[in-house]
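Scroll down for the structure; my scribbles are underneath it.
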Amino acid sequence: KITSGRIITDPVCALPAPPEVKGIALLRLLPTLFTEGPEATMHYLHNKLGSAFTVSFLWKKTTFLVGQEASAIFFQGLESEVTQGNLFEFTVPMFGTEVGFGVDYATRREHTRFIVESLKPSQLRSYVDPMLQEVENYFAKWEEEGVVDLKYEFKELLMLISGRCLVGKEVREKMFGQFCTLYHQIEEGLNFASFMFPYIPIPVNHRRDRARIKLRGILSEVVRSRKSLNHVKEDVLQRFIDATYKDGRGTTVEEVSALIITLIFAGKHSSAMTSTWTAACLLDHANSLDAALEEQRKIIGKYKDKIDYNILSEMGVLHSCIKEAARMHPAPPALVRQVKKHVTVRTKEGNEYGISRGHTLVHLVMLNGLLPHIYKDPEVYDPDRFRPIREEDKAAGKFSYTSFGAGRHACGGEAYAYMQIKIIFSHLLRNFELKLVSSFPKPDWTQFLPEPKGEVMVSYKRRRLPSD
Ligand code: HEM
């Protein structure tokens, strides 16, 4: 039985708790969960219980939030109320104890500042040419025509771009194969077993730990060499080397190396998956594809083959196509926090609930982008909804679009991500005729970081897109 808005006697919290699902009611949901997946299950609970509801399993209470009103506390709450806390403990053996959840909150905020500064528009301009070179070199290896798994291709390409723009030329040119192998071993350390028990002695954890030490060694060598030879480069690694804490202290070699590994992790998979969904959506919607091609023709007419930061900013149609794919298929489908101090959640339906300390809070990005009072026909791929005049997310206001997070922990790499994805797609659209040959992918919920299921097979044929 699903209990609704029950008055509880917790002395700290006089407000009713959100509707709760537990025991037999929870068991009854299992068939839907296994046959239709988490999104359908959450849809069902959201429709039935409203925009805040709690799932209780054993002693663990997880409260799910959907929509702007209910999610406000998630994004705006103080660190003393709502925190990422020790939920991300599992990332410490992946990235090291010098960054992320291995350090205190104040130091972590300083590191976020280093990241945001290294990816701000004035810095982004310098990453356009290296990104372009990586993209051109990559697709130059494709034949005259063929069939590829675009998901695989994007994973490879995004790793190359990360290698060049984040890690820098030394590693990219001399030891990239070794770097990738080690990085993948760290990435493989992210699975359901290591998430629950990050330190248990299983082979995948051993490999992750050995890989992190070796990778750290490689990066430390590069940082030391740059420092001793006074070699200054145009990449994120250099920005981290030059960064200073508020007290004037510089970053250590270990911190710089750990920050770079963290950043590749934050940006590579999410960008590769958003690119894959964008391709699948575009190739499945002739109107949107035509609009994106038309925009490229116009831009070629104006600037010929030249691409720079400003020209990329003119690709508004392409931008909306990517944003719309990320709305329907957000790279992280849900975001998590922990309640540190009792908080109040106000819902769109006009309810007020008290959430007690110790609850896990989950903001459901995957449902937030599908709310019909914000998005017209939310199940339809319609990039125009983000174009001037309509701008459905802006019209609705704060927290209506959360595919890149929001509030204190909003994505620090959003502009960088759009830039690299736009560079990839402008190249693909100008140089290849593409067709989706496999069926439109479903999300694969068996992966720790969900991605399109199976191969995303696309046929390509070289061509030169004429100008308008
Ligand atoms: C399409 C690609 C991307 C998507 C969909 C995405 C999405 C997100 C989301 C939803 C969050 C919020 C996490 C939370 O609230 O718990 C986030 C945080 C973050 N992202 Fe991204 N991201 C993308 C690309 C990137 C890239 C390319 C970088 C860097 C190169 C990056 C760096 C970060 C960082 C550093 C944070 C943490 C911010 C903080 O905790 O203060 N992201 N991202």
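Does any residue in region 127-156 that is among the small types (Gly, Ala, Ser) come within less than 8 Å, Cβ to Cβ, of a residue that is buried (at least 17 other Cβ atoms within 10 Å of the Cβ) six or more places away or on a different chain, and which pairs are these? If the second residue must be buried (at least 17 other Cβ atoms within 10 Å of the Cβ), the pairs left are Gly146/Tyr460. Looking at Arg337, is it basic (Lys, Arg), within 16 Å of the ligand (Cβ to nearest atom) and open to solvent by less than 10 Å² (accessible area, probe 1.4 Å)? Judged against the criteria, Arg337 is not a match.
Scanning region 172-195 for residues that are in contact (Cβ under 8 Å) with a residue 40 or more places away in the chain and part of a helix (DSSP H, G or I) yields Gln178, Tyr183, Ile186, Glu187, Phe192, Ser194, Phe195. Number of residues in region 137-163 that are open to solvent by less than 40 Å² (accessible area, probe 1.4 Å) and within 26 Å of Asp235 (Cβ to Cβ): the value is 11. Just one of the numbered conditions (1) open to solvent by 20 Å² or more (accessible area, probe 1.4 Å); (2) within 28 Å of the chain's Cα centre (by Cα) is not true of Lys22: (2). Condition first: without any contact (Cβ under 8 Å) to a residue 24 or more places away in the chain and either open to solvent by less than 30 Å² (accessible area, probe 1.4 Å) or of a type outside the set (Lys, Arg) (or both). Now tell me which residues in region 242-264 satisfy that. Selection gives Asp242, Thr244, Asp247, Gly248, Gly250. Tell me, which residue of region 416-468 that is within 15 Å of Leu289 (Cα to Cα) and charged (D, E, K, R) is surrounded by the fewest Cβ atoms within 10 Å (Cβ to Cβ)? So, considering only residues that are within 15 Å of Leu289 (Cα to Cα) and charged (D, E, K, R), the one surrounded by the fewest Cβ atoms within 10 Å (Cβ to Cβ) is Lys435. Restricting attention to region 389-402, the residues being open to solvent by less than 20 Å² (accessible area, probe 1.4 Å) and either touching a Pro at 6+ places or on another chain (Cβ under 6 Å) or on the phi > 0 side of the Ramachandran plot (or both) number 0. With respect to the conditions (1) more than 30 Å from Pro130 (Cβ to Cβ); (2) touching a Lys or Arg at 6+ places or on another chain (Cβ under 9 Å); (3) open to solvent by 50 Å² or more (accessible area, probe 1.4 Å), Arg346 falls short on a single one, namely (2). Residues of region 325-334 that are of a type in the set (A, V, I, L, M) and more than 8 Å from the ligand (Cβ to nearest atom): Ala325, Met328, Ala334.
In summary, helices (runs of 4 or more DSSP H) completely within region 225-305 and bearing 2 or more residues that are at pLDDT below 95 and more than 14 Å from the ligand (Cβ to nearest atom) occur at 236-242, 253-284. Taking the criterion of being near the ligand (Cβ under 7 Å from one of its atoms), open to solvent by 40 Å² or more (accessible area, probe 1.4 Å) and touching a Gly at 6+ places or on another chain (Cβ under 9 Å), the residues of region 403-415 that qualify are Arg408, Cys411, Glu414.
Within region 378-390, the presence of at least one residue that is in contact with a Phe, Trp or Tyr (Cβ under 7 Å, 6 or more places away or on another chain) and modelled with pLDDT of 95 or more is confirmed.
Restricting region 118-150 to residues that are of a type in the set (Asp, Glu) and assigned to a helix (DSSP H, G or I), the residue that is nearest to Arg430 (Cα to Cα) is Glu136. Residue selection: Glu89 fails the criterion of being away from the ligand (no atom under 12 Å from the Cβ), in contact with a Lys or Arg (Cβ under 7 Å, 6 or more places away or on another chain) and within 28 Å of Leu182 (Cα to Cα). Figure legend. Inter-residue proximity from region 265-276: first residues touching a residue at least 40 places away in the same chain (Cβ under 8 Å) and within 18 Å of Leu318 (Cβ to Cβ), second residues more than 7 Å from the ligand (Cβ to nearest atom) and small (Gly, Ala, Ser), beta-carbon distance below 8 Å, spacing 6+ or different chains. Indicated pairs: Thr274/Ala325. Out of curiosity, is Leu367 open to solvent by less than 10 Å² (accessible area, probe 1.4 Å) and farther than 24 Å from Pro450 by Cα? Criteria not met by Leu367. Those helices (runs of 4 or more DSSP H) of region 18-117 in which 1 or more residues are in contact (Cβ under 8 Å) with a residue 12 or more places away in the chain and in contact with a Leu (Cβ under 6 Å, 6 or more places away or on another chain) occupy 38-49, 68-76. Restricting to region 270-292, give me the number of residues that are open to solvent by 20 Å² or more (accessible area, probe 1.4 Å) and either within 17 Å of Ser439 (Cα to Cα) or in contact with a helix residue (DSSP H, G or I) (Cβ under 8 Å, 6 or more places away or on another chain) (or both). Going through region 270-292 one residue at a time, the tally reaches 7. In region 313-324, the qualifying residues are those that are away from the ligand (no atom under 16 Å from the Cβ) and either assigned to a loop (DSSP other than H, G, I, E, B) or among the β-branched types (Val, Ile, Thr) (or both), and the one that is nearest to Ser56 (Cα to Cα) is Val317. Does Leu78 count as touching a strand residue (DSSP E or B) at 6+ places or on another chain (Cβ under 6 Å), within 16 Å of the ligand (Cβ to nearest atom) and closer than 30 Å to Ile264 by Cα? Against the criterion (touching a strand residue (DSSP E or B) at 6+ places or on another chain (Cβ under 6 Å), within 16 Å of the ligand (Cβ to nearest atom) and closer than 30 Å to Ile264 by Cα), Leu78 does not qualify.
The values are calculated or read from the model by the stated rules, or taken from the named source; none is laboratory data. Model, not experiment: these values are computed from the prediction. Using ideal geometry, Cβ is built from the backbone for each residue, glycine included, and neighbour counts are taken over all protein chains shown. These area figures cover heavy atoms from the full protein model, side chains too; ligands, DNA and RNA do not enter into them. Shrake-Rupley method; radii C 1.70, N 1.55, O 1.52, S 1.80 Å.
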